[in-house]
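Report on the structure given below.
The values are calculated or read from the model by the stated rules, or taken from the named source; none is laboratory data. Quick caveat, the model's predicted, so the values are computed rather than measured. Don't worry about glycine lacking a Cβ; one is built from the backbone with ideal geometry, like all the others, and counts go over all protein chains shown.
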Amino acid sequence: MNCQQFKLIRSDYGNTRKRTKYRQIDLYDVFCAILYTLKNSCIWRYLPSDLPKWQTVYYYLLA
């Protein structure tokens, strides 16, 4: 999936944060991490280090 396709679902992830702070994490990276876990059937704790922390990805998935 490329950035053009991600723009279609960006609004779904954009509403999960509190409005008091600026976002420190790129939502595209979070989305790539979700796709990684689905593609490789791995558990959250085994996400590669170049992706966001598993707790952050899990939060955005459930929010």
Discussion item. List the residue pairs whose Cβ atoms are under 9 Å apart, where the first residue sits in segment 47-59 and is aromatic (Phe, Trp, Tyr), the second is surrounded by fewer than 16 Cβ atoms within 10 Å (Cβ to Cβ) and part of a helix (DSSP H, G or I), and the two are 6 or more positions apart or on different chains.
Written reply: TRP54/TRP44; TRP54/ARG45; TRP54/TYR46; TYR58/TRP44
Worksheet item: What residue, among those in segment 21-44 that are surrounded by 13 or more Cβ atoms within 10 Å (Cβ to Cβ) and of a type in the set (Phe, Trp, Tyr), is farthest from the chain's Cα centre (by Cα)?
Response: TRP44
Discussion item. Looking at segment 20-63 only, could you name the residues that are at pLDDT 90 or above and outside any helix (DSSP H, G or I)?
Written reply: LEU47, PRO48, SER49, ASP50, LEU51, PRO52, LYS53
